[in-house]
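The values are calculated or read from the model by the stated rules, or taken from the named source; none is laboratory data. Everything numeric in this text was worked out from a predicted model, so none of it was measured. Here the Cβ positions follow ideal geometry from the backbone for every residue, glycine too, while neighbour counts run over all protein chains shown. Ligands, DNA and RNA are stripped out before the accessible areas are found, and what is left, the full protein with its side chains, is counted by its heavy atoms. Shrake-Rupley method; radii C 1.70, N 1.55, O 1.52, S 1.80 Å.
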Amino acid sequence: MSCCISTMVSGAIALAFLPLVLTFIIRYRYYFVLFYRAVLVRMWYDCTTGLSREERAFQYVLTHAIPGDPESILETFDLWCSKVEFISNIGPKKGKIMDRILSEHCPLTVLELGSHCGYSTVRIARALPLGARLYSVEMDAINAAIAEKIIRLAGFDDDTLIVSPSDEVIPRLRADYGLERLDFVFMDHWKKCYRPDLQALEGSGLLGKGSVVLADNVLFPGAPNFLRHVRKSGLYEWKIHRATLEYSKGIRDGMAELVYQGIK
Amino acid sequence: RAKEKERKKERDRKRRRNVARRASSARKEGKELEDRPGREERRGRKKRDKEGKGKGGEDERQEEVKNDTVAKTLKNFSNENTRKLEQKEIEVVGEEDGDTEEKRKNGRSEKGGKREDNGRGETVEKKQKKKRVETSAEHESSEEEEDEEEKVGEEKPEVLSPEELEKLKEEVDERKKLISTLRGKPWPMRKKLLTLRESHEFVEKYEGALGKGKSRKLYAYKVMMLKKWMKFQRDFENFKTACVPWEMKIKEIESHFGSSVASYFIFLRWMYGINMILFGLTFGLVMVPEALMGRPYGSMPRKTVPRADEANAMDFAVLWDFGGYAQYSVLFYGYYNSQRAIGWLKFRMPLSYFLVGVGTVAYSYMVVIRTMARNANEDGGGDNNSFNFSWKMFTSWDYLIGNPETADNKFASITTSFKEAILEEQESRKDDNIHLTRFLRVLANFLVLCCLAGSGYLIYFVVRRSQKFALEGLESHSWWERNEVNMVMSLLGMFCPMLFDVISALENYHPRIALQWQLGRIFALFLGNLYTFIIALMDEINLKREEEEVLKLNMTIWEASLYNGTLGVNSTAPPITVHPADIPRGPCWETMVGQEFVRLIVSDTMTTYITLLIGDFLRAVLVRFLNYCWCWDLEAGFPSYSEFDVSGNVLGLIFNQGMIWMGAFYAPCLPALNVLRLHVSMYLQCWAVMCCNVPQERVFKASGSNNFYMAMLLVILFLSTLPAIYTIVTIPPSFDCGPFSGKSRMFDVIQETLESDFPAWFGKVFSYASNPGLVLPFLLLMVLAIYYLQSTSKSYKQANLELKKKLQTQNEENKKKTKMAALKAAMDLEEAQKAWSEAPRQQRNNNASQQSYTGEKNTVTGHLVSSFVFVWYLKI
């Protein structure tokens, strides 16, 4: 069989495919790097240390950061994510955009969907004005525990976390937490949940005129349904802040900033 | 007064009655009027003018027409009368009224002319107005007086009075003006359309009413004909646009993808036109005559499939390879007979074959060069760097875009280009990174060169191997091995440009420049491939010729054996007839070359279409429909939709054309094949672009690229005619196939024609003319002429540039002057204000010192201003 194939496709023809292979490797090098860092390295460390990725990150932060200083914690996180392993936090570049948006709007009630390790929670909490309240929703209990530790380490209140899937939390927000209106919603959980969650938020009536919804990673990995819904519904003034994926230079990504306008 | 009114009414009625009678004779007399000298016409117009205003003018006219020669004096007289004493004038008029009969006799012709003019509409109206301005003020005043008088005594007529007519005419004029200026009005479209329709209706309804009686009918007829003519012209224009093939498709693509993609399709269409003509030439003058009038299939060895191949000559695989029956047909060189004249038309087949071969190339040269020259005229000289930001500001929008997505892209690209330009400006002042950029550019070129060398070596290797295979016999090898050369060439031609594209990202050029670099690189790649192919072909030609020599020897032996074997002693017996399929024949290298080219074209076309279907269509389908159930965004992320690859497509087209030019001499079917290919690819690519591609992220205008394509086409044309001419001139044609068999060189056919078909003196003249002593000076003269023309055009360009510069400086000068004037005016104003404000104070205080201080201050300001202007000037 092998001889058959070798006679069928001669070496010269196979060599003619070399430019194609090179093209693919060069053009998509960032994706290969990302694959290596996010999947292969993680699997290797998982096997060798026996800890989960989040736990490793927490250990690193705990040993390297100054407790009570959110700035230092964020920096340590960034360092770990860019040098050691990859965790899809919001990252420093997009984080700056988020800080700017937060300082522009000065929201008082903030909902965060998907806190993961607590990086973005700390980032938001740091930028909030006095008297503001932040609710952070995380589905995975282990991650939530780590996020709580991180938040505590940064010196913020630890009762912000809601450990539950986002689609269950949103309808109960008004009843359980006594919320009347959300000024700012940050989405960074499962990309597939963006649209249903947004629709749930619209349905719950928590979004008022001027409420801001910020969704991360709308271009890569991407949330096409979410964007389609936003475009079609006509409820929002929206724009996409173009940036690159966190801790990576060549992969383009964006954050969608929606300002709720209500039904006209 | 009352009496006067009565009289006037009566006169009016009489006149109206007369008018009908007069109108009937107007036609005849109008002509007469035209012959009259201008003086009278002028007067007539003046009169008409007055009549237009009312009946006051009418009075005067009637008075005037009594006698043509004394009309002027009479008129003046009447004017004076009116000014001095109204009553008297009226009496005069009354007297005139009495003898209307006489007046009518004299003035009939004039009135007829007037009526006609009246009907003629707005143009005359304008003339009248112009005339009116010319008339003296004295006349005007008198006329006005008369008008006033008339208005008092006006009564409603039953039919259209001249005044109403006038009003109507004015209104019609107004509507017409509205129609012509409607386009520029800042109204919504719906209102425009409504107004347009209404005005058209109005004009149509009342325009006819302006004429009277028979002339009115004629006028209506005229207007109708004019309208019909205009409509016809418009329809004809539309028809002409509709006749331009694929115009609508290209426009649609242009609106979606910008002009750079459209430029490819326009180029494709242009190419199609050229190929149609090439096809017409070869088909009409070579293929059809041979098929109709030449000897039929099977009559001689070159027109018969050899016995060994007969069994599978009709197999699809063989036909697809252009062997078997396809090889022994009009499609290839070898089928043609060397018979000097064929059919009842005495068609000179070999001569025609040769001339068509030369003519197609000559025609292509002519067209390409002419198009280049025409395009070159469009871009006048000048530097593009001087007003970079102004250019970007005012000219970067592509007004043909009609698709919101493309418009968004264009918008984004303009903003980025602004950002980049600003950055560039900043960087050009810093220029610390220039070494890195240079290094990257050099590196990119080095990589590309490596890639080119690698691909060249690969093709060389493959060609060598295929020759080895050919020597061993093709039957023992698989299909892959037999088609290795074509496959490798196509694959390299497909994938290497992608690699170049990736490499060119290093260089960070503007997309237009990047496109040109990309084009140049792919050009080099294709050229290398093509020339490797040609060199391999040359080797093969030499092999075939050796084979031919051997065969020629064998042929004589075979013939001898044939005769010896069958015939005994008697040599007077009729010659034996052997079936043409059994006669041994030479390898016919020309047909082989033609076949190679045709195969190359076919495989190239197939690769292009398959790439299109898989690379674009399949990908688009997958991206579109897998996107519903995929973990990342396929549309915006990794595979995405493909962009239209302008450079690759253009070069594919150009090289394809080069191969046609090269191979058309040996395979007359090539232009036909190419026309087919271009036709199909026009539709296929239009469809593929519209359904599977997305607009480029950086849409840019392709204003200058057309000439770039043309220049490449010219180079390719030159490079492809080189080998063709080389083979024609140096290699003797095969002895037993093709129109030139039996001759030592192909161009001997010209010699032959001159000797046998033209009178002797012509041959002599030609031989003198082709004498090197005559040809060389002629060539020299041509070179000199070209040099002269080139230098003059260069000097013109220089002059143009100088003029441009002059204009610029003049502009700046003017600006400066106006600025100075403005400053001066401002200063004067200030001074005046000061003087005004200080004057009372001075009066009050009478303080001399203050005055001197003011003067001083003013002079100081003047100095300041002048120095400022001077500094400003220096800066510029």
Q. If R0 is 25 Å, what FRET efficiency do you get for B:Ala311 and B:Thr611 from their C-beta distance, rounded to 0.05?
A. 0.10
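In region A:123-264, how does Rg compare with the Kirkwood Rh, expressed as the Rg/Rh ratio over alpha carbon atoms? Working shown, then result.
Details: Rg = 15.4 Å, Rh = 16.1 Å.
Taking Rh as the inverse mean 1/r over Cα pairs, Rg/Rh reads 0.96.
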Q.
Am I reading the A/B interface right? What is its buried accessible area, both sides, 1.4 Å probe, to the nearest 100 Å²?
A. 2200 Å²
**Q.** Listed residues B:Trp270, B:Trp517 arranged by accessible area, highest first, probe 1.4 Å
**A.** B:Trp517, B:Trp270
**Q.** Compactness of region A:93-167, expressed as Rg and Dmax over alpha-carbon positions, Å
**A.** 11.8, 34
Q) In nm, to one decimal, how far is the A:Lys149 label point from the B:Ala242 one, both placed 7 Å along Cα→Cβ? A) 7.9 nm
Q. What spacing in nm lies between the two simple spin-label points modelled at A:Glu237 and B:Glu812, each 7 Å away from Cα in the Cβ direction?
A. 4.5 nm
Q: List every residue whose amide H lies under 5 Å from the amide H of B:Leu331, counting only residues 5 or more places away in sequence or on a different chain, with H placed 1.01 Å from N in the peptide plane.
A: none
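Taking the convex hull of the Cα atoms, report for region B:460-561 its projected area averaged over all directions, in nm². If you can, show how the numbers build up before the last one.
Values: hull surface 35.3 nm².
Its average projected convex-hull area is 8.8 nm².
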Q.
Helix A:92-105 against the longest principal axis of chain A: what's the angle in degrees, Cα atoms only, rounded to the nearest 10?
A. 20 degrees
Q: May I ask you to order B:721-728, A:20-27, A:113-120 by the average number of other C-beta atoms within 10 Å around their residues, highest value first?
A: A:113-120, B:721-728, A:20-27
Q | B:Met225 accessible area, assembled protein chains, probe 1.4 Å, Å² | A | 90 Å²
**Q.** Rotationally averaged projected area of region A:59-137 (alpha carbon convex hull; nm²)
**A.** 5.2 nm²
Q) What is the distance, in nm, between label points placed 7 Å from the Cα along the Cα-to-Cβ direction at A:Val84 and at B:Leu562? A) 9.3 nm
Q: Using only protein heavy atoms and a 1.4 Å probe, report how much of A:Arg252 is accessible, in Å² to the nearest 10.
A: 140 Å²
Q. At 10 °C and 1.306 mPa s, what whole-number value in µm²/s does Stokes-Einstein give for the translational diffusion of region B:264-310, with Rh from the Kirkwood sum over Cα pairs?
A. 119 µm²/s
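If you take the beta carbon distance between B:Met230 and B:Met276 as r and set R0 to 41 Å, what does 1/(1 + (r/R0)^6) give as a FRET efficiency, to the nearest 0.05? Mind dumping the intermediate values first?
Working: r = 34 Å, r/R0 = 0.82.
The value I calculate is 0.75.
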(Q) I'd like the accessible area for B:Lys177, computed on protein heavy atoms only with a 1.4 Å probe and all protein chains in place. Round to 10 Å², please. (A) 140 Å²
Q. Expressed in nm to one decimal, what extension gain is obtained for the pair B:Met393 and B:Ala711 from 0.36 nm per residue of sequence separation less their Cα-Cα distance?
A. 111.5 nm
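Calculate the dipole size of region A:111-250 relative to its Cα centre from +1 charges on Lys and Arg beta carbons and -1 charges on Asp and Glu beta carbons; express the result in debye to the nearest 20. Working shown, then result.
Values: 18 positive and 18 negative charges, 142 e Å.
Computed charge dipole of region A:111-250: roughly 680 debye.
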Q) Which log10 I(q)/I(0) values, to two decimals, does region B:647-783 give at q = 0.15, 0.16 Å⁻¹ under the Debye formula with one point per Cα? A) -1.00, -1.07
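Nearest 0.05, what FRET efficiency do B:Met690 and B:Ile786 give at R0 = 51 Å with Cβ-Cβ as r? Please report the intermediate quantities before stating the final value.
Numbers: r = 45 Å, r/R0 = 0.88.
E(calc), rounded to 0.05, equals 0.70.
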**Q.** Sum of -39500 (n - 2.57) over DSSP H runs of 4+, divided by residues of chain A (222 nm, nearest 500)
**A.** -14500 deg cm²/dmol
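Using 0.36 nm per residue of separation minus the Cα-Cα distance, give me the extension gain between B:Ala835 and B:Arg438 in nm, one decimal.
Details: separation 397, 0.36 × 397 = 142.92 nm, distance 6.56 nm.
Length gained between B:Ala835 and B:Arg438: 136.4 nm.
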Q: Among B:Met682, B:Phe766, B:Ala724, pick out the residue whose Cα is farthest towards the positive end of the charge dipole of region B:669-771, where Lys and Arg carry +1 and Asp and Glu carry -1 on C-beta, about the Cα centre.
A: B:Met682
**Q.** Gyration tensor (Cα) of region A:208-264, equivalent ellipsoid semi-axes in angstrom
**A.** 24, 11, 7
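Set the bar at 25 Å for Cα to Cα. Now go through B:Lys392/B:Lys805; A:Lys96/A:Lys191; B:Lys240/B:Lys797; B:Lys177/B:Lys227; A:Lys239/B:Lys251; A:Lys232/B:Lys251 and name every pair that lies beyond it.
Going by Cα-Cα distance, B:Lys240/B:Lys797; A:Lys239/B:Lys251; A:Lys232/B:Lys251 fall outside the 25 Å limit.
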**Q.** Cα-only radius of gyration and Dmax that characterise chain A, units Å
**A.** 21.5, 76
**Q.** Extension gain (nm, one decimal) between B:Lys819 and B:Phe758, 0.36 nm per residue minus Cα-Cα
**A.** 14.0 nm
Q: Mind computing the radius of gyration and Dmax over the alpha-carbon atoms of region A:7-159? Å is fine for both.
A: 20.6, 76
Q.
If Rh is defined by the Kirkwood formula over all Cα pairs and Rg also comes from Cα, what ratio Rg/Rh do you get for region B:295-398?
A. 1.38
Q: Could you work out how far helix A:53-64 tilts from the main Cα principal axis of chain A, as a 0 to 90 degree angle to the nearest 10?
A: 70 degrees
Q | Alpha-carbon centroids, region A:92-139 and region B:639-655: separation in whole Å | A | 46 Å
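Can you give the net charge of the other residues whose Cβ lies under 14 Å from the Cβ of B:Leu193, counting K and R as +1 and D and E as -1?
It works out to a net charge of +4.
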